[in-house]
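The structure appears right after this line, and notes come after that.
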Amino acid sequence: VFLWPKLRALGAYPVNLIHDEIVVECRASVAEEMSGILKDCMVKGMEFYLKKVPVVVEVKTGCSWAEK
């Protein structure tokens, strides 16, 4: 809910959502900004449900899903 308007604003698109993982396709020029937005939105979204559990999110960027 928090993420979708921000994705659209940067011309980014979700390409895969699996359990606790979101894969986003975006231009390389906005990848760093998108990483920060993605992390913030994932933490904010999970903290809504997990009020007493620390929420930790790790974000990775690469040219393909295989890059780590």
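The values are calculated or read from the model by the stated rules, or taken from the named source; none is laboratory data. Treat the numbers as computed from the prediction; the structure is a model and nothing was measured. In this analysis, Cβ positions are derived from the backbone assuming ideal geometry, glycine residues included, and neighbour counts consider all displayed protein chains.
For residue 44, all conditions in the list (1) closer than 17 Å to residue 2 by Cβ; (2) of a type in the set (Lys, Arg); (3) free of Cβ contacts under 8 Å to residues at least 40 places away in the same chain hold save one; what is the number of the exception?
Going through (1) closer than 17 Å to residue 2 by Cβ; (2) of a type in the set (Lys, Arg); (3) free of Cβ contacts under 8 Å to residues at least 40 places away in the same chain one by one, residue 44 breaks only (3).
Look through 60, 44, 68 and report the one residue that is of a type in the set (Lys, Arg), out of contact with any helix residue (DSSP H, G or I) (no Cβ under 7 Å at 6 or more places or on another chain), surrounded by 13 or more Cβ atoms within 10 Å (Cβ to Cβ) and at pLDDT below 95.
Only one candidate passes the filter, namely 44.
Say we look at the range 1-22 and pick out the residues that are under 11 Å from the mean Cα position of the chain (by Cα) and surrounded by 12 or more Cβ atoms within 10 Å (Cβ to Cβ); which of these is modelled with the lowest pLDDT?
Taking the candidates together, the pick is 2.
Within the set of pairs 6 or more residues apart or between chains, which connect a residue that is under 19 Å from residue 36 (Cβ atoms) and part of a loop (DSSP other than H, G, I, E, B) inside the range 54-68 to a residue that is β-branched (Val, Ile, Thr) and at pLDDT 85 or above with Cβ atoms less than 7 Å apart?
Hits for this filter: 55/43; 57/43.
Given the options 15, 24, name the one that is in contact (Cβ under 8 Å) with a residue 12 or more places away in the chain, aliphatic (A, V, I, L, M) and assigned to a strand (DSSP E or B).
Being in contact (Cβ under 8 Å) with a residue 12 or more places away in the chain, aliphatic (A, V, I, L, M) and assigned to a strand (DSSP E or B) holds for just one of 15, 24, which is 24.
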